[in-house]
Amino acid sequence: MENIQSMPIDIQSSKLLDWLLDRRHCDLKWQNAVKTIREKINAAIQDMPENQEITQLLSGSYIHYFHCLRIVEILRGTEASSKNIFGRYSSQRMKDWQEIVSLYEADNVYLAEVASLLSRNVSYEGPALRKQLAKAQQLQQELSRREVECQSSAADLRERYYAACKQYGITGENVARELQALVKDLPAVLEEVGKDSGKLDEQIRLYASFTNFVCEWSDPVLPMLTFAQTRGNTTFYEWRTGKVPTVVERPVAEAAPSGSATDDMIDWGDFGTGADSAGVNSGIAVEEAIDWGISVEPNSEDAGSGGIDWGDSEAAPIEIEIVDVGTDCPEGVARGEDASSLLEHSQSRSQFIDELMELEVFLTQRISEMGEEGDVVSMSQFQLAPSIIQSQTQKRVREMLSQVQDLLHRLTTLRMQHLFMIQASPRYVERVSEVLRQKLKQADILVLKGATMVEKRQEALEEQSRLEPRVDLLAGCTRDLQKMIEADISKRYNNRPVNLMGVNI
């Protein structure tokens, strides 16, 4: 008997209510009684004395049987003056709460309710709060990660922006203005390159002598470099005609288009719309009063008397003669593309660069061959070569190669390529500016997005701060319920120890 008395009663918290109903400690219809009790509790709490502990009991928590017991004890002190000579209370408050306690104790309704409340806290309320809390914590981590990504991506975009500006040779404060300023300096840069090309005399003579000796090549080699070496970065007219122009009329540089139309811009009208959709409506009004110098007289018999001689419709097709650019200009006048320098003109510049690359390949190959000419056979091959070939050393050829590569690099850098494109099309400035602005715009968007992540993370932190006290409060109330239920059941089994298993919030 003593062994049985000392054995604990272990009850799974999720099965507590079923355990009580199976052992007939509670009635199956306990929920109907609880509805009545809840109505009486809601009515009773409308009229309560000013007491801090009662206020704390009634604030925010579910009022159950054990709360009602404590309220009755407090009311015994606050309502002591209403006790009559028979030891009964005349206070309606006391009567209401004593009635509630009595209804709870009938058929152990209170035990079924607190068991149901404990199971709900353990199985539903606790997990739900923990899930919300974990979600808030996880959201903070995710938002922190995304905030760092936004900051990193924004910094990367800005770095790429300034790296691109550095390639263009600008600071990036005002892209369009700085690019246009670079183009203004381009003629001076090209003039310097043209002057330095005069230092290629030895390289050109070496290449010409070598090709003539090895291949008996009699035609001129490197004609553009030879021309630039003697005359510098002169006009394209001089290269084309061989004559120095007396007048150079350089074209006026086209300004980059602005973002909005102005009064000075031409209105070309609508193309292919309205009644003129079959043709092109240029939007240019031609006055009928203009005398074009042509009179059409269909009845005229003499075509040479002012009428147009249309010829025979069966005659051969009209031949159109295409003339070179600038040939319609007066003699000695460089106009249009003829007025541009050799390195400004795309055709001559391409030839200049091609010949530099040709010379670079030759010198590179010559250095490689000179390293292998130590044998007797190689020496005998160049015994009859011109002195300019025999007198060269690897060191000197490397120096000549370095000069050629320097000129080639100065003309083919990414910055120079962009400047040539800007010079050819001022609208390119607008496109480049827009591309660079997009990088900064995306960086600003990412910064704003990062600020939004900070705000959301703060909201998640506030949510966590709001949930943590609720979890602690629920855990505390559940532990108190556990102890009270264990003590109540223990009394029913001669104070045997009772353990409610799985109570974890």
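The values are calculated or read from the model by the stated rules, or taken from the named source; none is laboratory data. Source: prediction; values computed, not measured. Cβ atoms come from the backbone with ideal geometry, glycine included; neighbour counts cover every protein chain shown. For accessibility, only protein heavy atoms count, side chains too; no ligands or nucleic acids. Shrake-Rupley method; radii C 1.70, N 1.55, O 1.52, S 1.80 Å.
To the nearest 10, the accessible area of THR246 is 110 Å² with a 1.4 Å probe. Annotation: amide H of THR234 within the under-5 Å range of LEU342, sequence separation 5 or more or interchain, hydrogens built in the peptide plane. Note on HIS64: accessible area approximately 10 square angstrom, rounded to 10, probe 1.4 Å, nucleic acids and ligands left out.
Between SER123 and ILE445, how high is the FRET efficiency from 1/(1 + (r/R0)^6) when r is the Cβ-Cβ distance and R₀ = 45 Å? Nearest 0.05. Rounded to the nearest 0.05, the efficiency is 0.45. For the stretch 456-476, the residues whose backbone nitrogen is under 18 Å from a point 7 Å from the Cα of ARG145, taken along Cα to Cβ, are 456-458, 460-461.
Mean projection of the Cα convex hull over all viewing directions, computed for the stretch 90-222: 23.6 nm².
Semi-axis lengths, largest first, of the ellipsoid equivalent to the stretch 351-479 are 73, 26, 8 Å, with √(5λ) applied to each eigenvalue of the Cα gyration tensor.
With each label modelled as a point 7 angstrom along the Cα→C-beta vector, the ARG231-LEU473 pair spans 9.6 nm.
The gain in end-to-end length when the LYS131 to GLU39 segment is fully stretched comes to 29.9 nm, 0.36 nm per residue minus the alpha carbon separation.
Modelled label positions at LYS184 and GLU434, each set 7 Å beyond Cα in the direction of Cβ, lie 2.5 nm from each other. Look at where the Cα atoms of the stretch 345-360 and of the stretch 173-196 average out, and the two centres are 20 Å apart. Maximal additional length on extending the GLU369-ARG466 stretch stands at 26.7 nm, based on 0.36 nm per residue less the C-alpha distance. In this simple spin-label model, placing a label point 7 Å from the Cα along the Cα-to-Cβ direction at both HIS409 and ARG23 gives a separation of 9.4 nm. Placing R0 at 25 angstrom, the Cβ-Cβ distance between ASN32 and THR55 gives a FRET efficiency of 0.25 after rounding to 0.05.
Past the 28 Å Cα-Cα mark, which pairs from LYS29/LYS131; LYS195/LYS395; LYS166/LYS441? Result: LYS29/LYS131 exceed 28 Å.
Under 5 Å between amide hydrogens, built in the peptide plane, is the criterion, and for GLN12 it picks out MET501 among residues at least 5 positions away or on other chains.
In order along the stretch 48-58, phi translates into HN-Hα couplings of 10, x, 6, 8, 5, 5, 5, 4, 5, 5, 8 Hz, rounded to whole numbers, per the Karplus curve 6.51 cos²θ - 1.76 cosθ + 1.60 with θ = phi - 60° and x for Gly and Pro.
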